[in-house]
Structures are given as structure tokens and as C-alpha cells.
1. Within the stretch 33-86, take every residue that is surrounded by fewer than 19 Cβ atoms within 10 Å (Cβ to Cβ) and acidic (Asp, Glu) and give me the one that is nearest to Ala356 (Cα to Cα).
2. In this structure, is Pro90 out of contact with any Gly (no Cβ under 8 Å at 6 or more places or on another chain), surrounded by fewer than 16 Cβ atoms within 10 Å (Cβ to Cβ), within 23 Å of Pro223 (Cα to Cα) and not β-branched (Val, Ile, Thr)?
3. Among Leu301, Leu283, which is more than 18 Å from the chain's Cα centre (by Cα), at pLDDT 95 or above and under 24 Å from Leu57 (Cβ atoms)?
4. Go through the stretch 265-315 and give me each residue that's aliphatic (A, V, I, L, M) and in contact with a Lys or Arg (Cβ under 6 Å, 6 or more places away or on another chain).
5. Condition check: surrounded by fewer than 19 Cβ atoms within 10 Å (Cβ to Cβ), touching a residue at least 12 places away in the same chain (Cβ under 8 Å) and within 27 Å of Gly150 (Cα to Cα). Does Leu272 satisfy that?
6. Residue under question is Gly255, and the condition is that it be out of contact with any Pro (no Cβ under 8 Å at 6 or more places or on another chain) and modelled with pLDDT under 95; does it hold?
7. Would you pick out the residues in the stretch 145-163 that are touching a helix residue (DSSP H, G or I) at 6+ places or on another chain (Cβ under 7 Å) and at negative phi?
8. If you go through the stretch 130-167 one residue at a time, how many are outside any strand (DSSP E or B) and either loosely packed, with under 14 Cβ neighbours inside 10 Å or touching a residue at least 24 places away in the same chain (Cβ under 8 Å) (or both)?
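The values are calculated or read from the model by the stated rules, or taken from the named source; none is laboratory data. None of the values given here were measured: they were computed from a predicted structure. Cβ placement follows ideal geometry from the backbone for every residue including glycine, while neighbour counts extend to all protein chains displayed.
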Amino acid sequence: MLQMERYYAERVKDMRGSDIRDAFKLTEEPGIISFAGGFPAPESFPIDLFQEVFQGLFREDYSGLQYGPTEGLDALRRELAVQLTAEGAPCSAENIIITNGSQQALDLVCKVLLDPGDYVLVEQPSYVGGLNAIGNYQGKKVGIPIDEHGLRLDVMANRLKELASRGKRPKFIYTVPNFQNPTGVTLSLERRQGLLELAREYDFLIVEDNPYGEISFGREPVPHIKSLDDEGRVIYLGSFSKILSPGVRVGWMAGNKALIRQIAVAKQGTDLCSSSLGMKVVLESLRSGKLQAHIDSLRILYRRRRDIMLRALAAYMPKGVHWTRPQGGFFIWLTLPSYIDTKAMLPFAIAEEKVAYV
């Protein structure tokens, strides 16, 4: 039998399997209640809207079945530019590229920005798919702890000073500032401003991943980090996976025009273009005028789910267990006493209780 490992590239040794992949497998097992991944509730999918969109999709042309521009459909990029501008971050279509979900956007950022051994600041804990993307390009991750207000900037400043003392600096920080995966915590406005100040002082970029920002539970949204940026230092990642469906595989990136042009070159060698069909579905969903009403219904659905979970935790968790109380998104983070090994407990939870978690 041929040993394929002999042919692998050197970088493969740093690639690791993702807990997300295992979470996907768990959802296929009958009877499993999975808290293991950020999966939208199936009842949240806008079936009526999709049916309406698909019925009209091929009346005038069949371009949704053809290859499209690497950067994405111009009309969709313009729509997203208008949206982001309205949210306080002025931009044009030339600042935006469409990707196969925001996961591909992050992969492309790493492909374009990271050399082996480059430092990247990450939240601790952080989204495992983000950590894997950084690891795949041999980036060195520097963890920054978070508390109820998000990133601990005091710790970050010390880590940056330590790196600078060795003549090093990070290329970028990867952050999920709104309803963070996996803690549910939101980065405060004061710390967003402080993060930008540190980025200017130590000359690194900020990758702001915002897949959950639309799913807020009533509080006034905190401004995007990108809306506070006057240098073009922030690379913003957006997604329709949580508000429409992950199956459409449409995400996007907004950033400096020169960076977006280079990202497009990298993307062309990866997949030529994103799905024209998926982009058309998203574009027509935006144009329908019905998307905001759907997002409002998502907020009601997920707030109700959060409230049920918080009540259950209060009723059944023993002393010594603490948890976050998110104001949006999909996640609650439990902190258990140190003597409990949650990794060792997971197989028993699945086998005996049919419950999975990360």
C-alpha cells in the first residue's frame, strides 16, 4: 500500500482536525441533542422566502447557473456596501468580496497575510474554526483571555510589549466581538476603542468576524470596530449563514481596496468564484424587503431559547458552576470546577444522555 504521507507538504504537520467536524458528525446521529456547534435552528430557515425567490430566479436569465466574477456579483457587493455604510463604516463595492461563507474569508486572509511563524492574537477561548485556519498557515497563536466585557486589553498590552522586546509583532488579531463564539460575550465600546489604539501603537491589523451581530436580544448594538477605524486597519467579515441558511454558503469581506484585490487573486486560485446561485438567492432575499422581518423573528426565537437554557441551568446546575448570560447570538459558556474533566465526560454524556457539547 502506497504511503501517501511521504508526499505531504511540510505545512500539513501543523494541520489539526476540528471539533466542528466532529460536531457535524454528531448531528447526523439519531436522537442526539447537540450543543456542540453553532448550527442554526432548522425551524429558523425562511422556506417561504426561499420558495418565492427561487420561483422568480430564472424568469429573466440563467446567470445563477453560470460562473460569476471572482469578487462576487456587483449588485450584491453594492447592496452590502450600502448596508455597511449605513452601519457607520463607509465603503463601496470595490471594498467588498463575496466568499463561500465567512470561513473562506478568514482562510483567504490567512493565505494572503501570514508567513510561517507569524504571530496572531486570538481570544481565549476562541472559535475553533478560526484557530484551525490560522494554524493551517503556520501562524503562531497568542491567546488573550476574555472576561464579561470581552478582550482583556491589559493582558494584551503586556503580551504586545513582550513580543516587541524580542523584535516581534503580530500580523493581526482575530476577534468575534459580538456574542462571541463560544462564550456569548460582547466586546464593550471602550475596549473596541482601546483595541484600535493598541493596533495603531503596535502596527497590527484587526480581523473582525461578525456572524452573530444581527441576532441581538434588544440592547442597542455596539458600533462595529470597523466603523471606529479611520485608517483601513480593520478587515470585516460578514455571513448569511446564521440569518438565512448555512446551505447558501455566502459570506463576505470588507477591507482596504488593495487588500481586496489581492484576496481576489488568492480566491481565484482556490475556487474561481463563489456560487452564483447562492449569491442570487441572497441578493433577491435582500431586495425582497422581507429579510428584516425574518431577522426580527430570529431574535424572538433565539431569545426564547436562551431564556429556556438559562432557566434550566439555574434549576439543575450544582454549586461552583458559572455561566455567561449573552445578549444575543447562539452561545452560553459554562465554567465548571477544576476537578471536572469535561473532555473525559463527553463520551458518557453522548452515550448515556444523548447530549453533545464542546
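1. Among those that are surrounded by fewer than 19 Cβ atoms within 10 Å (Cβ to Cβ) and acidic (Asp, Glu), it is Glu43.
2. Values: out of contact with any Gly (no Cβ under 8 Å at 6 or more places or on another chain): yes; surrounded by fewer than 16 Cβ atoms within 10 Å (Cβ to Cβ): yes; within 23 Å of Pro223 (Cα to Cα): yes; not β-branched (Val, Ile, Thr): yes.
The answer is yes for Pro90.
3. On the way: Leu301 fails: under 24 Å from Leu57 (Cβ atoms).
Result of the check over Leu301, Leu283: Leu283.
4. First pass over the stretch 265-315, keeping only residues aliphatic (A, V, I, L, M): 265-266, 272, 277, 279, 281-283, 286, 291, 293, 295, 298, 300-301, 308-310, 312-315.
Passing the criteria: only Ala266.
5. Details: surrounded by fewer than 19 Cβ atoms within 10 Å (Cβ to Cβ): yes; touching a residue at least 12 places away in the same chain (Cβ under 8 Å): yes; within 27 Å of Gly150 (Cα to Cα): no.
Here the answer is no, as Leu272 does not meet what is asked.
6. No.
7. The first filter runs over the stretch 145-163 and keeps only residues touching a helix residue (DSSP H, G or I) at 6+ places or on another chain (Cβ under 7 Å), leaving 145, 149-151, 153, 156-157, 160.
Those that are touching a helix residue (DSSP H, G or I) at 6+ places or on another chain (Cβ under 7 Å) and at negative phi: Pro145, His149, Leu151, Leu153, Met156, Ala157, Leu160.
8. First, pick out the residues of the stretch 130-167 that are outside any strand (DSSP E or B): 130-139, 148-149, 152-167.
From the residues that got through so far, the ones that are either loosely packed, with under 14 Cβ neighbours inside 10 Å or touching a residue at least 24 places away in the same chain (Cβ under 8 Å) (or both) too are 130, 132-139, 148-149, 153-154, 156-167.
Of the residues in that region, 25 qualify.
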